[in-house]
Amino acid sequence: MKLINLFDRTFPHANDLDELIDYDLLNDLEYLDWFIKETLRMYPFTQALLDRQLYQPSYLLANHGAIERGTVIIADMQTIHFNADLWGPHDPNEFYPERFAQKRHPMAFLAFGQGPRNCIGMKFALFEMKLVLVHLLTRFTIVKSNQTDKCFKIIDTFTTRPKQVHIQLKTRHTKAHSDAFSYLKTSFCSETNK
């Protein structure tokens, strides 16, 4: 609800299908950044970004011995993203976007990788997520269906994704919302009939 209220205050005309969203204004929404990062902390879309090969002759790891050149090291993103020492004091198993208000260790958030080989499309992906959320949440309210919790299972392959997502979209009451919903309903029906 906090995100919807933020969008309603910041983009009062976003429900107008002809209205453009201001790029700078969208990027200045700190809470939106926190919301997306918290989502990606809990549900990162891939773990494949985190493997690195050791090119040094060897590396001495305290209490574990030497790691030899050519060894592939893979960071366990799930353990890092849910580590209470890195993400406390609020429970890291709960969705709490405000945790990003506090400065964290630079390697605590790994959804896009880190360092010189992080995801080249990170800025574009974040902007695209922001834009979709503004357009979706200014037109619709997302409502849990009776299947939401029962069917939500995470699948880990090359990407991390839900097997199924069951939600309901309830239109928010404006003419632009009704037009957008009619278009969405028509598009969806025509796709399923092919």
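The values are calculated or read from the model by the stated rules, or taken from the named source; none is laboratory data. Just so we're clear, the structure is a prediction, and the values are computed from it rather than from any experiment. Cβ sites come from the backbone with ideal geometry, for glycine too, and all protein chains shown count toward neighbours. Note: accessible area is taken over every heavy atom of the protein model, side chains too, but ligands, DNA and RNA are not part of it. Shrake-Rupley method; radii C 1.70, N 1.55, O 1.52, S 1.80 Å.
Take R139 and decide whether it is in contact with a His (Cβ under 9 Å, 6 or more places away or on another chain), touching a residue at least 24 places away in the same chain (Cβ under 8 Å) and over 18 Å from P44 (Cα atoms).
Values: in contact with a His (Cβ under 9 Å, 6 or more places away or on another chain): yes; touching a residue at least 24 places away in the same chain (Cβ under 8 Å): yes; over 18 Å from P44 (Cα atoms): yes.
When the stated conditions are applied, R139 passes them.
Contact list please: Cβ distance under 7 Å, first residue in region 143-154 and farther than 10 Å from Q168 by Cβ, second residue aliphatic (A, V, I, L, M) and at pLDDT 80 or above, pairs at least six apart or on different chains.
Partner pairs satisfying both residue conditions: F152/V165.
Go over the candidates R104, R99, R117, R41 one by one and state the one that is open to solvent by 70 Å² or more (accessible area, probe 1.4 Å), within 30 Å of Y23 (Cα to Cα) and touching a residue at least 12 places away in the same chain (Cβ under 8 Å).
On the way: R104 fails: open to solvent by 70 Å² or more (accessible area, probe 1.4 Å); R99 fails: open to solvent by 70 Å² or more (accessible area, probe 1.4 Å); R41 fails: open to solvent by 70 Å² or more (accessible area, probe 1.4 Å).
Just one listed residue meets the conditions, R117.
Say whether the condition of being under 21 Å from T39 (Cα atoms), touching a helix residue (DSSP H, G or I) at 6+ places or on another chain (Cβ under 9 Å) and at pLDDT below 90 is met by at least one residue in region 169-191. Spell out the reasoning first.
The first filter runs over region 169-191 and keeps only residues under 21 Å from T39 (Cα atoms), leaving 169.
Adding the requirement that they be touching a helix residue (DSSP H, G or I) at 6+ places or on another chain (Cβ under 9 Å) leaves 169.
Next, from what is left, pick out any that are at pLDDT below 90: 169.
Yes: one or more hits.
In region 85-96, what residues are of a type outside the set (A, V, I, L, M) and surrounded by 11 or more Cβ atoms within 10 Å (Cβ to Cβ)?
First, the residues of region 85-96 that are of a type outside the set (A, V, I, L, M): 85, 87-96.
Listed by number, the residues that qualify are W87, G88, H90, D91, P92, F95, Y96.
Would it be correct to say that R139 is under 20 Å from K2 (Cα atoms) and either among the small types (G, A, S) or open to solvent by less than 90 Å² (accessible area, probe 1.4 Å) (or both)?
Answer is yes for this residue.
Residues F100, F95, F35: which one is out of contact with any strand residue (DSSP E or B) (no Cβ under 9 Å at 6 or more places or on another chain), part of a loop (DSSP other than H, G, I, E, B), aromatic (F, W, Y) and at pLDDT 85 or above? Spell out how you get there, then give the answer.
On the way: F100 fails: part of a loop (DSSP other than H, G, I, E, B); F35 fails: part of a loop (DSSP other than H, G, I, E, B).
It is F95.
Restricting to region 62-84, name every residue that is over 24 Å from I154 (Cβ atoms) and open to solvent by 90 Å² or more (accessible area, probe 1.4 Å).
Within region 62-84, the first condition is being over 24 Å from I154 (Cβ atoms), and the residues that meet it are 62-73.
N63, H64, E68, R69, listed by residue number.
Identify, from the list Y55, Y59, the residue that is outside any loop (DSSP other than H, G, I, E, B), open to solvent by 70 Å² or more (accessible area, probe 1.4 Å) and of a type in the set (S, T, Y).
Numbers: Y55 fails: outside any loop (DSSP other than H, G, I, E, B).
When all the criteria are applied, what remains is Y59.
Any residue at all in region 134-148 that's modelled with pLDDT of 85 or more, farther than 24 Å from Y23 by Cα and in contact with a strand residue (DSSP E or B) (Cβ under 6 Å, 6 or more places away or on another chain)? Steps first, please.
Keep residues of region 134-148 that are modelled with pLDDT of 85 or more, which gives 134-143.
After this cut, where a residue has to be farther than 24 Å from Y23 by Cα as well, the list is 142-143.
Now restrict to residues that are in contact with a strand residue (DSSP E or B) (Cβ under 6 Å, 6 or more places away or on another chain): 142-143.
So far as region 134-148 goes, yes, one or more of its residues are modelled with pLDDT of 85 or more, farther than 24 Å from Y23 by Cα and in contact with a strand residue (DSSP E or B) (Cβ under 6 Å, 6 or more places away or on another chain).
If I filter region 149-160 down to residues being out of contact with any His (no Cβ under 6 Å at 6 or more places or on another chain) and of a type outside the set (S, T, Y), which single residue comes out as modelled with the lowest pLDDT?
F158
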